[in-house]
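Okay, so here's the structure we're looking at.
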Amino acid sequence: MTTTTPGAAEVELAIGGMTCASCAARIEKKLNRMDGVEATVNYATEKAKVSYRADIEVADLIATVEATGYTAREPEPPRAESGPGGGEAVAESDELRPLRERLTVAVVLAVPVIAMAMVPALQFDNWQWLSLTLAAPVVTYSAWPFHKAAWTNARHGAATMDTLISVGTSAAFLWSLWALFFGTAGMPGMRHPFELTIARSDGAGNIYLEAAAGVTAFILAGRYFEARSKRKAGAALKALLELGAKEVTVLRGGREELVPVAELKVGDRFLVRPGEKIATDGTVVEGSSAVDASMLTGESVPVEVGVGDGVTGATLNAGGRLVVEATRVGADTQLARMAKLVEDAQNGKAAAQRLADKISAVFVPVVIALAVGTLGFWLGNGAGITEAFTAAVAVLIIACPCALGLATPTALMVGTGRGAQLGILIKGPEVLETTRKVDTIVLDKTGTVTTGRMTLLAVHAADSTDETEVLRLAGALEHASEHPIAQAVASGAAARVGTLPAPEDFANIAGLGVQGIVEGHAVLVGREKLLAEWAIELPEKLARTKARAEAAGRTAITVAWDGAARAVLEVADAIKETSPEAIRRLRGLGLTPILLTGDNRAVAEAVAAEVGIAPEHVFAEVLPQDKVDVVKRLQGEGRSVAMVGDGVNDAAALAQADLGLAMGTGTDAAIEAGDLTLVRGDLRVAADAIRLSRKTLGTIRSNLFWAFAYNVAALPLAASGLLNPMIAGAAMAFSSVFVVGNSLRLRGFTPADR
């Protein structure tokens, strides 16, 4: 395979005319023969993802595909819909209509042909000629796509599954014509008994119109339901793309103006009324509300937002009126990036599928050779031409590699689509292989196991001091400070006691804390050294409390007023409520959790103990650039390592790990470096992501097993003459539908907490 130069361009082409995995493999092979081109062609999504050098034109790529006998074009940009899903529904209907019409003709005409051939009581005088009249449109009109594709491929020196179908049905039809016009099958009193045993004869009195018509109808039915199933499998992606709002009320010049979302620009301010979807990613500049993000993240609890909080496009405003300033629009929004990740994953191929495609590419000529060999073997062993012909046609029909081509794409489409609904984005199919092997999971502490925000965790008041009074006075003073620890105290105090009083006087003492007058009290909040400057000592009880808090890695803040120490406040990065449960679930998947942090060891071990990670599995005081070395060291011990992180400093480690899981609540750098993106900031989703990935991989493997097993088992039966061509066609169609149906079971995947 050729490699592209740095800075290569990339394009996605919509491919037309493919009818099986062999077609996809052939197009891929032709594109990859071009110098400086890397291509992946997916039969299920009917798309080609192509990377190419900057000096190559897209027109050259399209010309190569067309020279191979297929069509290619760049996907059209999204168009405005007249109603919910209107344009999409029409497009899908138009796409399936020709196939549905050919199938309808085939079924209506083939059923009486099959009935007359199989039920001797229905065989009146000259029934065979009625059978010919009914079968002819089926073999010509209904089967025309097969014949056309086979001819196109033949002109390019290739053979695909369509070649098998065309040759098989044409052979059965032409044989019947010979028997009717030149043999004894056209006689008025001819009868065609239905037998499952092989009867040796010269074949001149036998016709196989039911095989030609029946096989065509069965295969068309299989293809029609495959086409519908493929679109059903991709419904999650379509639903994801439909989440966004279509119109938005923009505030311009003091006026409200309703415009299409596509016209929004970064910096625009727009109005979101209760019950409306937020049009794009932005920051709240006016108002407060509860936002329902369940459609995007799977989180059922609404998120309270106010001025300064970020909001995500496509989420629902469940409360009050909001004015939002757009920060990201179009393809830069979280929704658009989610959709792109899902689509990219669906366009990829796992190693197992690449093997299946290679087999499919050589499968057809081998099967044709086997059919010819079968015909020769039977004739060489003294069997009648009818028996020999029946066995050869059965070989041609049973060998359809369609199930092989659908094994991976359909499972991947359903798995990634279901993941997107649950807030799990699988970047590519190679990720699935990795999830099976992972045995160690490295967890960045801040923002992953913990909230990443300083939080007031405990209040220890001195004897005869009211805790509420401590919170009111300390919170009021800290509220005037912009320091993160001060804001944590203020937020915690407000949450517990309500509205805080305003300080009458305030001063920030650099490096020590704050002081001021609150409700007539001279209040000090900060380090113990600040109190010492005012000749205030901590009572022994509070001193012991402060020492224990610091030993546990928490920040201890002293509070004093009116010349006496009154309390010690504990502030720390709070552990997420769901983290202990997440660790238990990860252990249940056979993974060894390891905590990685730049904090000191006391903090790290305290967090590890609370969530259930052993002290020997804690890496503390690790610099950002050294996180990669920790992952490499674990890999050097023979471990297969997954890494979960959310910050810029985690990006390199996420890329180094065998499997990178990025928190979607984190930075873009981390998200880009990860293999899996967890939209919600809940560590339990990591366990769900690995479960879903493993289940998707298991479905792919079972699909491939049954597709291969089917061909391996059926070919000898067909070659030995034990398989009727009509039954072979039905079995072949069923195998493809079975593979798609097996994949669709992934839509029922449910997170462990539901």
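From the list Val571, Val628, exactly one residue is touching a residue at least 12 places away in the same chain (Cβ under 8 Å) and in contact with a Lys or Arg (Cβ under 7 Å, 6 or more places away or on another chain). Which is it?
Values: Val628 fails: in contact with a Lys or Arg (Cβ under 7 Å, 6 or more places away or on another chain).
The conditions single out Val571.
Please pick out the residue among Ala493, Ala560, Ala549 that is open to solvent by less than 10 Å² (accessible area, probe 1.4 Å), farther than 30 Å from Pro615 by Cβ, of a type in the set (A, V, I, L, M) and part of a helix (DSSP H, G or I). Before you say what the answer is, go through the steps one by one.
Details: Ala560 fails: part of a helix (DSSP H, G or I); Ala549 fails: farther than 30 Å from Pro615 by Cβ.
Criteria check complete, one pass: Ala493.
Of Leu654, Leu661, Leu697, which residue is in a helix (DSSP H, G or I) and either surrounded by fewer than 24 Cβ atoms within 10 Å (Cβ to Cβ) or at pLDDT 85 or above (or both)? Even if it seems obvious, please write down each step before you answer.
On the way: Leu654 fails: either surrounded by fewer than 24 Cβ atoms within 10 Å (Cβ to Cβ) or at pLDDT 85 or above (or both); Leu661 fails: in a helix (DSSP H, G or I).
None of the others qualify; the one that does is Leu697.
Among the residues of segment 22-50, write down those that are open to solvent by 30 Å² or more (accessible area, probe 1.4 Å), without any contact (Cβ under 8 Å) to a residue 60 or more places away in the chain and farther than 21 Å from Ala158 by Cβ.
Asp35, Glu38
Tally the residues that are assigned to a loop (DSSP other than H, G, I, E, B), buried (at least 19 other Cβ atoms within 10 Å of the Cβ) and at pLDDT 90 or above, restricting the search to segment 620-638.
Selection size over segment 620-638: 0.
Residues Glu519, Glu467: which one is open to solvent by 40 Å² or more (accessible area, probe 1.4 Å) and closer than 25 Å to Ala606 by Cβ? Reasoning before the result, please.
Working: Glu519 fails: closer than 25 Å to Ala606 by Cβ.
Answer to the selection: Glu467.
Output the qualifying pairs, or none if there are none: Cβ atoms under 6 angstrom, residues six or more apart or on different chains, first residue in segment 148-177 and free of Cβ contacts under 8 Å to residues at least 24 places away in the same chain, second residue open to solvent by less than 20 Å² (accessible area, probe 1.4 Å) and charged (D, E, K, R).
As it stands, the answer is Ala150/Asp162, since those pairs meet every condition given.
Against the definition (open to solvent by 10 Å² or more (accessible area, probe 1.4 Å), of a type in the set (Val, Ile, Thr) and at pLDDT 75 or above), how does Thr163 come out, yes or no? Walk me through how you get there before you give the answer.
Details: open to solvent by 10 Å² or more (accessible area, probe 1.4 Å): yes; of a type in the set (Val, Ile, Thr): yes; at pLDDT 75 or above: yes.
Against the criterion (open to solvent by 10 Å² or more (accessible area, probe 1.4 Å), of a type in the set (Val, Ile, Thr) and at pLDDT 75 or above), Thr163 qualifies.
Could you check segment 570-619 and list, in sequence order, the residues that are within 26 Å of Lys541 (Cα to Cα), out of contact with any Ser or Thr (no Cβ under 8 Å at 6 or more places or on another chain) and open to solvent by less than 20 Å² (accessible area, probe 1.4 Å)?
Hits for segment 570-619: nothing passes.
Could you tell me which residue of segment 296-330 is farthest from the chain's Cα centre (by Cα), considering only residues that are under 24 Å from Val266 (Cβ atoms) and modelled with pLDDT under 75?
Here the residue is Val303.
Search segment 69-124 for residues being in a loop (DSSP other than H, G, I, E, B) and of a type in the set (Asp, Glu), and hand back the single one that is modelled with the highest pLDDT.
Narrowing segment 69-124 to residues in a loop (DSSP other than H, G, I, E, B): 69-70, 74-85, 119, 123-124.
If we keep only those that are of a type in the set (Asp, Glu) too, we end up with 74, 76, 81.
Working: Glu74: 83, Glu76: 63, Glu81: 42.
Restricting to residues being in a loop (DSSP other than H, G, I, E, B) and of a type in the set (Asp, Glu), the top hit is Glu74.
What is the one condition in (1) among the hydrophobic types (A, V, I, L, M, F, W, C); (2) at pLDDT 70 or above; (3) open to solvent by 30 Å² or more (accessible area, probe 1.4 Å) that Ala361 does not satisfy?
All conditions pass for Ala361, except number (2).
Taking Val119 as the residue in question, decide whether it is more than 30 Å from Thr64 (Cα to Cα) and surrounded by 24 or more Cβ atoms within 10 Å (Cβ to Cβ).
On the way: more than 30 Å from Thr64 (Cα to Cα): yes; surrounded by 24 or more Cβ atoms within 10 Å (Cβ to Cβ): no.
So Val119 fails the test.
The values are calculated or read from the model by the stated rules, or taken from the named source; none is laboratory data. Fair warning: this is a prediction, and the values are worked out from it, not measured in the lab. Ideal geometry is used to build each Cβ from the backbone, glycine not excepted, and the neighbour counts take in all protein chains shown. Surface areas here come from the heavy atoms of the whole protein model, side chains and all, with no ligands, DNA or RNA. Shrake-Rupley method; radii C 1.70, N 1.55, O 1.52, S 1.80 Å.
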